Each structure stands twice: as C-alpha cells, then as structure tokens.
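Enquirer: My questions will all concern the structure given below.
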Amino acid sequence: MDGHAVDPAITASLPQHPFLLTARVDDLRTGLVTAWAQQCSESPMLVTVAVPRGTEIEPLIRDGRTFALTALDPDDRLIPRRFNPPPPRAEDPFVGMRLLTAATGCPILRRGRFWLDCELVGHLAPDCSHRIYIGQVVASGVCSMSSDPSETPAVTHAASAN
C-alpha cells in the first residue's frame, strides 16, 4: 500500500543526519550509511534506526543484539563512498580506519561528531522498504578530531547492561 504523497519540503525538514550504523558478530562486522535515526525515549535512552530490508547488516544486528551509530560530518565524502551501498559480507570495510569500541564491541569511527553504542531491545517489521531497530544506549561519546590515534574520545554516558 502506497502512502499519501508528501511535499518534499516537509520531508526535507524532518530530522535527518547522516549516520554510520555498524554491527558485529564474532569476526564479522559491517556498516551502512543511514539518515534515519532518532531518539525515541529519554529514560531509558532509546534510539530508533531504519535499515533497508535485506541488507547485510540486519543479521548482524539481530544475532549480536547490538549496534552503534556514529554521526557523520555532512561534508564527509569518504565514509559514504565506502559504506553506500553497503559492502558485501565477505569484505571488512573497516580495514585501515581509525576505530574504537565501547560496551558492545561494535566498531565506532573515531571521525565524526558523536557516537552511540546500543543494545538491541526490539524491532518492527512493517510492510515497507525498511525495518526499525530500537536500541538502548549503553555508552556514548564525542568523537576526537585529534591526529593522535592513542587518544580515546570522551565517554559522556555509560550505563551498566541489565
């Protein structure tokens, strides 16, 4: 069922920000660029992210029960080229990139604006092009633009996993 046509000026004003969504299970890890992520609860802090059906990241999110989001600089051209379209499952798109891990072990880019490390608490599968994954933020931080690879970005929020 197609929905009502919406004026493009309206959709352009909705909150959208480029994010790199990442997930991992064992030695497999991948990511994809999405503009559809937002906060949906304050206590506990929950975020939703829309993921296209059938992408390589979906089984990793479901099996690992975790994901991470890095807010990208809108002018960043490298990350969208590397992750959009999402890389094939056999490739590790993070080779050569400066990363960190937090509570869940999902790869988090050191470049970007901020990051959220999340445990999966639910998902919705409406009859449409994307599935919605809901994550509880267990750690977050501001990315460091320092050239020193040993510098760890500040963690601004950390919660114990229940």
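Enquirer: Can you work out which of the residues in the stretch 52-84 that are surrounded by 22 or more Cβ atoms within 10 Å (Cβ to Cβ), aliphatic (A, V, I, L, M) and not in a loop (DSSP other than H, G, I, E, B) is farthest from the chain's Cα centre (by Cα)?
Expert: By that ranking, first place goes to Leu60.
Enquirer: Quickly run through the stretch 105-127 and pick out the residues that are out of contact with any Lys or Arg (no Cβ under 8 Å at 6 or more places or on another chain), of a type outside the set (Phe, Trp, Tyr) and farther than 14 Å from Leu46 by Cα.
Expert: Residues satisfying the conditions are Ile108, Gly112, Arg113, Pro126, Asp127.
Enquirer: Let me ask you something else. What number of residues within the stretch 91-138 satisfy the criterion of being of a type in the set (Gly, Ala, Ser), surrounded by fewer than 21 Cβ atoms within 10 Å (Cβ to Cβ) and assigned to a strand (DSSP E or B)?
Expert: Counting residues in the stretch 91-138 that are of a type in the set (Gly, Ala, Ser), surrounded by fewer than 21 Cβ atoms within 10 Å (Cβ to Cβ) and assigned to a strand (DSSP E or B) gives 1.
Enquirer: I'd like to verify a number: residues in the stretch 1-40 that are in contact with a Phe, Trp or Tyr (Cβ under 8 Å, 6 or more places away or on another chain) and either buried (at least 18 other Cβ atoms within 10 Å of the Cβ) or modelled with pLDDT under 70 (or both), how many?
Expert: Kept after step one, since they are in contact with a Phe, Trp or Tyr (Cβ under 8 Å, 6 or more places away or on another chain), are these residues of the stretch 1-40: 16, 20-23, 29, 31-35, 37.
Now restrict to residues that are either buried (at least 18 other Cβ atoms within 10 Å of the Cβ) or modelled with pLDDT under 70 (or both): 20-23, 29, 31-34, 37.
Here the count works out to 10.
Enquirer: Right, another one. Could you grab the pairs with beta carbons closer than 9 Å, sequence gap of 6+ or different chains, first residue in the stretch 104-127 and free of Cβ contacts under 8 Å to residues at least 60 places away in the same chain, second one among the aromatic types (Phe, Trp, Tyr) and in a loop (DSSP other than H, G, I, E, B)?
Expert: If the second residue must be among the aromatic types (Phe, Trp, Tyr) and in a loop (DSSP other than H, G, I, E, B), no pairs are left.
Enquirer: Another question about this same structure. For the stretch 61-109, give me the residue count where each residue is within 10 Å of Thr22 (Cβ to Cβ) and aliphatic (A, V, I, L, M).
Expert: Residues that pass the stated criteria total 6.
Enquirer: Okay, moving on. Count, please, the residues in the stretch 115-162 that happen to be charged (D, E, K, R) and at pLDDT 95 or above.
Expert: Final tally of qualifying residues: 3.
The values are calculated or read from the model by the stated rules, or taken from the named source; none is laboratory data. This structure is a prediction, so every number in the text was calculated from the model and none was measured. Glycine gets a Cβ as well: all are built from the backbone with ideal geometry, and neighbour counts include every protein chain shown.
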